[in-house]
1. Taking the Cα centre of the chain as origin, work out the dipole magnitude from +1 charges on Lys and Arg Cβ and -1 charges on Asp and Glu Cβ, in debye rounded to 20.
2. The range 1138-1206 to the range 1246-1272: how many Å between their Cα centroids?
3. Roughly how many Å² of Asp528 are accessible to a 1.4 Å probe, to the nearest 10?
4. Leaving out ligands, DNA and RNA, and with a 1.4 Å probe, what % of the accessible surface on the range 395-440 is carbon or sulfur?
5. What whole-number distance in Å separates the alpha-carbon centres of the range 561-589 and the range 712-757?
6. Any idea of His634's accessible area? Nearest 10 Å², probe 1.4 Å.
7. Return the long-range amide H neighbours of Glu845 (sequence gap of 5 or more, or a different chain), with a cut-off of under 5 Å between placed amide H atoms.
8. Which distance in Å, rounded to a whole number, links the C-alpha centroids of the range 1009-1052 and the range 226-283?
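The values are calculated or read from the model by the stated rules, or taken from the named source; none is laboratory data. Nothing here was measured: the structure is a model prediction, and the numbers come from that model. Neighbour counts run over all protein chains shown; Cβ positions are idealised from the backbone, glycine included. Just the protein is used for accessible areas: all its heavy atoms, side chains included, with ligands, DNA and RNA removed. Shrake-Rupley method; radii C 1.70, N 1.55, O 1.52, S 1.80 Å.
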Amino acid sequence: MDYFCDQDHGELYWDYEKTWHTNNVTTPDFTRCFENTALVWSPSLVLLLLAPIDILSSHASVYRHVPRSPLSVLKCGLNLILIAIQVLLIVFHLIRVDYALDKIPVGEYLAPVVRLVAYTLFWGLLYYSRHKGVRSSGVQFTFWFLHGVGEAIKFRSNILRWQENKDGLPMDIFILEVISFPCILGILGLNCWADLRPRFGLDPKLSERPCPEEASSFLARIMYEWFTPLAWKGYKKPLEYSDLWDLNPQDTSRAVVPIFDKEWNKQLLKVEAVQTKAKSGGGKASYTKVNGAVGVDFTEKGGPEEGAEKKVLASVLPALLGAFGTTFFVGSAMKLIPDGLAFVSPQILNLLIAYTTSGEETWKGIFYAGILFLSAVISTIVMQQYSHRMYLTGMRIRTAMVSAIYRKALLISNSAKKESTVGEIVNLMSVDIQKLMDLAPFVNMIWSAPFQIGIAMYFLWGILGPSAMSGLVVMVLLLPVNAVIATKARKLQMMQMKKKDLRVKMMNEILSGIKVLKLYSWEQSFEDQVMKIRKEEVEILKKAAYLSAISTFLWTCAPFLVALSTFGTYVLIDSHNVLDAQKAFVSLSLFNIMSFPLTFLPMIIVFVVQANVSLKRLNKYMNADEIAPDSVTHDQSAVDPIIIENGTFAWEADTITLRDINLRIKDGSLVAIVGTVGAGKSSLLAAMLGELERLNGKVNTKGSIAYVSQQAWIQNATVRNNVLFGKPFDPTKYDKVIDACALKPDLEILAAGDKTEIGEKGINLSGGQKQRVSLARAAYSNSDIYLLDDPLSAVDSHVGKHIFDAVLGPKGVLKRKTRILVTHGIAYLPQVDNIVVLKDGEVSEMGTYKELLERKGAFAEFLQHHITEEDVSELEDPALIEELKSVVGISPHLTKGKSRRISESSDAGSDAGGMRRRISSARSLEGSMSRSGSVRRGEELRRHAGSLQGGKDRLIEVEKSETDSVKMAVYMDYFRAAGWHMSVGTFALYFVYQAFSVGSNLWLSNWSNQPVVNGTQDNVDLYLGVYGAFGFLQAISIMMASLTMALGTLRSASNLHFKMLARILHAPMSFFDTTPVGRIVNRFAKDVDVTDSTLPFNVRLWLNSFFSVLATLAIVSYSTPIFIAVIIPVGVLYYLVQRFYVSTSRQLKRLESVTRSPIYSHFSETITGAPTIRAYAAQERFILESEGQVDHNQVSYFPSIVSNRWLAIRLEFIGNIIIFFAALFAVLGRDSLSSGLVGLSVSYSLQITMALNMLVRWTSDVETNIVAVERLKEYGEVQQEAAFEIKERKPPKSWPEHGEVKFDQYQTRYRPGLDLVLRNVTCTINPGEKVGIVGRTGAGKSSLTLALFRLIEAANGTIFIDGQNIGRLGLHDLRGRITIIPQDPVLFSGTLRINLDPFEQYTDATIWHALELADLKAFVKSLPAGLAHEISEGGENLSVGQRQLICLARALLRKTKILLLDEATAAVDLDTDDLIQATIRKEFKDSTVITIAHRLNTIMDSTRVMVLDQGEIREFDTPENLLKNKNSIFAGMAKDAGL
């Protein structure tokens, strides 16, 4: 390098005497040659190397053209001045030597040339980046910063030279060099700010609330200064969602999902290739992509046997690496910098300790302290950039995976669907993806930890020689122990996840069927079932706690054992090996560096294990079989809209559902599909939709499809949005559809009309209304083909007739469309074009109504079984009636008693549209809304309507999120739930542990200060023994602390869960009406998981950090008392930053929690409605909606991860100041300090940054996660129903003996502040009477049922049953002694026996007898497991009829004196219906039977009929007497119903 220097004057490139060995004579300085080369070339070289990166990042910008501003003009102006100065410098140099270049030192004239090139390059980069819309460049800032540092050194040297030798300096060059320095500083300063907003962007969907990160300068980005305004806002007031910014475009689902999709497709294609290779014979794997989702079908088409090879699973991991690997690996590379810089500190500590005993110049000590500070600052900045990238990767993984799981749910086949319940799939979303997300920031520790340990061992070898190996041996010996613990932890985690899935699934079911649970008074049994699962889960967590304590013991011992074995070996192998301060504390600082990876490695291994379990679960789900996209073809050139040729179909490959189906449906025709229950009618529609597996044949549909399912699927949205279903609003068409579907009167009752929100699963609509909303959705969709699965079953006969005429029939709004109608309504058949008769999964007959009648085949047989008098009366053409009678052979007595009651809940007394002409104005009906007993009744709708007045059209309350800081009471609750002895014990043990830790280091300091006599130290064995004892006591105390804490927090979590469970199950129904199931399940899933695992982990780390910080401050203050002066201002600063941060961070966490629930609610809603969504081909819209929900949630998650970086960089900066002052005070006080104390003080201060950072981090994490306790506490304090049992008022065992029900001036309302729904009801129902209750919508029929079971409480008056005031009894005693057969047959997963007798009160013989009476004995006997037959979620593996019969068997088991019958039965065929009626008449002949009548002809044989109107009894007499009085309301209703 000397070639570049002034060799004529003997100038050197590097002069040690001038720069380092100054001996307090001169100030240290560099040579001019060094300044002209190294300090000029380095920044220019950096700019040259990084220029391509700058160009690439500018090129990728979505904005264009930053307008001219004072900032950009100044940058250009100053750069021009600098260019001019370099040109002048070159010219002056040449003039000075008369253009003889060889007379100028090479370095001297190259310097301005290099600078000129660099400035010109900067000009080009600045122009390009502004043109591309980039407001601030990191590369340009870095260049000016490095250049500024170099020029600052040169500026100082110039000034020193001028002071030494004014005359000998060339003044022209000196002046130019001095002027250039302020210009450089000016440009550096200007680069600290960002330019103006670009004029326009390429992306049309640019945000209205852009993230300020985009508008920030490079410096603001690396310091996260752009977050400060939000932190300040959050400190001043609780943050709201509207205060947050939108996501950066590259983090939205729109950007992230396609990248992952592309990689996942590659994985599927790879698997397909492997699968194809593995297959030797025929059968081919087919790769498909449907609606933006991916599927690969490995099943052989030849038959179920052939395709049974083991399935190769595509893995999610390579796809994630392919999609987000670049960001991840660039981040990982950054981690090398802080990992390497960590080892600067021990080297500097070595120099500092040596400095205290040497007579070196003071500036060197200050220089060491400065180097210590500088390396810490660089490490901080890079480390935070690394962390930010990792968390960002985690966030993107979540976005991609939630979307992938959601789309998979829309494609999963029916057989695969059975393998995973809704609860389990929601867990994949809420828990498993979270585990992957949590791993992303820490996974690099897998390589980083061994890397740090390796380098530390290298330095230790240099200090202690081969003795360092003993430490390595200890570490190696600990690894297999850790491996065993990790394996056990993995097994326990898998077991716990299974139990958790089971518990969440059970809670989901319980909450979905909560009303039935309350009516049967089964809460206690189901609470016990959940608690049984929970106890097993807690036992597993307990085992995990013991493992964790052993692991903590080992890894706390690890660094100490390493130090002990190393020091012990060192001093014992040779008495001349002296442990002085340098060796002891430099080694100790290296051990401290090692302790972090050693402590974290086991945690990371656990994280990796958990993530691996989650990955397997995700892989299994993502590879589940999908609905074959080719099971239905869509050839638009086909003649007919629907063609099935030789079709054989199955729900599952091994059981054929439909065989040999041949169907051609003409364009614009109306085809009815009829057959008995179980004949395969719904399955045939499913086959047309492609929901069934096609084993043989061909299905083709032409045009768009609308589908109305048998059980209507309703979204948690407004009525209007349910009808529009994503289509644009057309008022004329909309009104026409609403009229045709008889919905107008319903909408008139609602306070917000069609803008009223419908609750989850349509909770505030009757079955009939749900079905009509579903039908309106289909009618509005204007599709080509309509598949209608018995839509008229849920409505009253004349409403059905109106809908048939107005919508489906030859004159309806859909008259030109192709319609396939599954129906039991015989009256509609003469008007259809064609009838398909199904029997046992085959088409037995097909033809027009007349053709089939004449054949007298299966159709005639079907009619004989299903015809009723009502059906005959509805046929308006006398000729048709005669023809029917001649074929079927109807005689009046045959059908007299046969009441055709189809439906989940019919619409009694309803009429709408064209039917109004048949209703006299005096008896005008308010709406077609008779309420379903199982869901909610009309008056409940009025109740909701009442509570929604004033435009408040929300039924579901917005989830509350607390805004203040977490109250101390929440912490107290948490500690109280754990037990005070556990809580106090944990604190005490952690304190003791830290005390032993400090003791051991003070002892080491004392040892290292021992004088050396004849090359040895005295009492080495004593020092070593005491040091070892300290270590052993540390390990014992931390193990005890860890165990006490784990068991305490687990006990707390168990108690909180139990309290919440008990309170939720005994909450009033109004709570469930206004709270979505998803929200409650979220508390039982996510929040319980936080209290089980996350919170204990946070508390443990908080305690560790808290006592560690106290110890550090105590040691440094003890060593250098002047340090206390620094602690106070720094402490205040710390406190302010921490409070600033915690209030914002806590609020962001809460917003994140609240916006998370809708993702899961929307998801479970989608799983339920998947067939409907697929039929309407609305997958894309729903996927976008789900992605929108995820983005909405990430909007609050993103600032929370940025807030952590914002905090960390500030805290670490303050920590670095503490390190600097600890070192500086040690330097300045070297005369009064021993080298041992200097070593102790500085080595402790080196840990302060990490400790303080962790303390605030864990404080915040504890505060944000304690929100889970707050949320559990909130639901653990929900309002309760009346007492379950009142011991002193228990009725006799035999009560009620007679079954007398007496109402005395009874009044009730649904909630305080609402209108009365029953007014002054006074009546007596005598023992054994059969009473029918009728009334129009809102009359109070359902309220009467709810009042008897006390689901709503009396506002006034009383109800007596056999003389007992039911208001004074415990709810269990009341509800357990009266029976209801609800309208919706709700079953729970579990055995059949549990579904019949959850309390196990009855013998098997009694249960079999009840099953026999319910005509189920033969069916149950045929099941392999009999009474132990497992019923799937919601009873889906039984038909609706069988479910209804199980409800009858429940009633027969109880056989109480009072039976309430919510009379409508859901889509049950006539035989089942008659069987239920006959069984009730026979078995309950001595009981009082109260029937809520939805169809008048079913209660014509009642003892008396009660007519309710506006909550009052208007009529109560025998049906005969009421019919005689032509002016009675009942007579009017009978006339309207055509009786």
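1. I would put it at about 1780 debye.
2. If you average the Cα positions of each part, the centres end up 24 Å apart.
3. Accessible surface of Asp528 is approximately 80 Å².
4. Numbers: 480 of 950 Å².
With neighbouring chains kept in place, the figure for the range 395-440 is 50 percent.
5. 82 Å
6. Here the residue's solvent-accessible area equals roughly 110 Å².
7. Result for Glu845 returns Val837.
8. 48 Å
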